[in-house]
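Notes follow the structure.
The values are calculated or read from the model by the stated rules, or taken from the named source; none is laboratory data. Fair warning: this is a prediction, and the values are worked out from it, not measured in the lab. Glycine gets a Cβ as well: all are built from the backbone with ideal geometry, and neighbour counts include every protein chain shown. Just so you know, the surface numbers come from the protein's heavy atoms only, side chains and all, with ligands and any DNA or RNA stripped out. Shrake-Rupley method; radii C 1.70, N 1.55, O 1.52, S 1.80 Å.
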Amino acid sequence: MEFLEFEGKTTEEAIANAGAHFQVPSEELEIEIVSVGSPGFFGLGGRKARIRAALPEEPEGDLLPLARGILEQILAKMHEPAAVTATQEEDRINLLIATPDAGLLIGKQGQTLDALQYLVTKMLAKQTRGKVRVAIDVEAYRARHNEALALLAQKYGDKVKRSGKPITLNPMNPYDRRIVHMALQGNKDLKTISRGEGLYKKVIISPAKKKESREDVAGPA
Amino acid sequence: MKELVKFIAQSLVDNPEQVQVNEIEGEQTSVIELRVAKEDLGKVIGKQGRTARAMRTILSAASTKIRKRAVLEILE
């Protein structure tokens with residue numbers, strides 16, 4: 001929970017300021033009084049009242065059924081008989097779809113699954129104040145896909161190391177790019193950058209600069 | 001199909017009561033027309049059309065299932 005400080009001539013005014021800032025009725029806020037103000041004398045020598053306020057944390061249990069409900073309604077309207085299980089993992093909600101029709105829901109290169117995930121995230125965000133991350137998977141498709149992608153990244157990484165020439169991968173969405181970057185992050189001989197415009201960018205794997213490695217060797221002894 | 005688009009659109013906009021969805025059924029292809037309040041237009045289109053594209057992707061998955069094609073038109 002993030003507390004912010006607010007001031008006012010009185011504690012009531014400070015609380016009202018906090019309410020205006022967070023755009024919620026002030027009685028919904030978590031409030032700590034730092035110091036009570038004193039009116040002073042003819043507006044002189046008065047101390048301002050100071051409070052600390054924060055939005056109460058969303059009870060996490062509420063989001064799970066909400067997220068599940070949204071996805072189930074979409075699937076029902078797609079005439080897709082599917083069972084959804086929801087689990088919470090830190091700040092992320094995982095929705096797992098069990099269906100006999102996995103291929104259809106995954107789509108070409110996971111397109112349909114990505115679209116579902118994006119829309120459910122947006123629809124859920126509309127109903128809650130906080131930011132939530134939603135991950136949707138069908139029959140462990142993503143787990144398999146991520147694993148394959150990390151392996152691919154390693155393979156190309158080795159190739160770049162051997163040849164010393166950069167390799168540009170096909171355009172990928174942000175999730176996939178992140179996996180590639182992470183897979184090669186620990187590798188000192190390589191660097192990865194994303195290049196391009198918009199949602200789909202290309203990842204370029206290139207050898208880390210020679211100069212840098214020389215500096216490493218000739219570093220302060 | 002109509003209900004699918006309506007449900008998604010209504011969950012995204014500020015004025016759900018102003019969401020109108022019309023389905024014009026053809027033999028092979030259905031055209032689904034979506035109308036929202038002017039200030040909500042951006043919400044159903046999204047940054048660089050991402051939301052509109054996601055809706056179209058889901059729509060085509062759903063219509064493949066019933067061996068049809070559906071086209072989503074967002075009308076001003």
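Brief remarks follow.
- Residue in the stretch B:6-15 that is outside any strand (DSSP E or B), open to solvent by 30 Å² or more (accessible area, probe 1.4 Å), over 23 Å from residue A:198 (Cα atoms) and β-branched (Val, Ile, Thr) present: no
- Test for residue B:39: is it more than 10 Å from the chain's Cα centre (by Cα), part of a loop (DSSP other than H, G, I, E, B) and away from chain A (no Cβ under 14 Å): no
- Condition met for residue A:87 (closer than 29 Å to residue A:28 by Cβ, free of Cβ contacts under 8 Å to residues at least 60 places away in the same chain and more than 14 Å from chain B (Cβ to nearest Cβ)): yes
- Candidates A:181, A:145: the one that is in contact (Cβ under 8 Å) with a residue 12 or more places away in the chain and within 19 Å of the chain's Cα centre (by Cα) is A:181.
- Residues of the stretch A:94-128 satisfying the condition of being more than 8 Å from chain B (Cβ to nearest Cβ), closer than 20 Å to residue B:5 by Cα and out of contact with any helix residue (DSSP H, G or I) (no Cβ under 6 Å at 6 or more places or on another chain): A:117, A:121, A:125
- In summary, residue A:80 fulfils each of the numbered conditions (1) of a type outside the set (Ser, Thr, Tyr); (2) more than 10 Å from chain B (Cβ to nearest Cβ); (3) not in a helix (DSSP H, G or I) with the single exception of condition (2).
- Criterion applied to B:34, B:41, B:72, B:59 was being open to solvent by less than 50 Å² (accessible area, probe 1.4 Å) and out of contact with any helix residue (DSSP H, G or I) (no Cβ under 9 Å at 6 or more places or on another chain), and the one residue passing it is B:41.
- Candidate set: the stretch A:90-126, residues that are among the charged types (D, E, K, R) and in contact (Cβ under 8 Å) with a residue 40 or more places away in the chain; chosen: the one least open to solvent (accessible area, probe 1.4 Å): A:114
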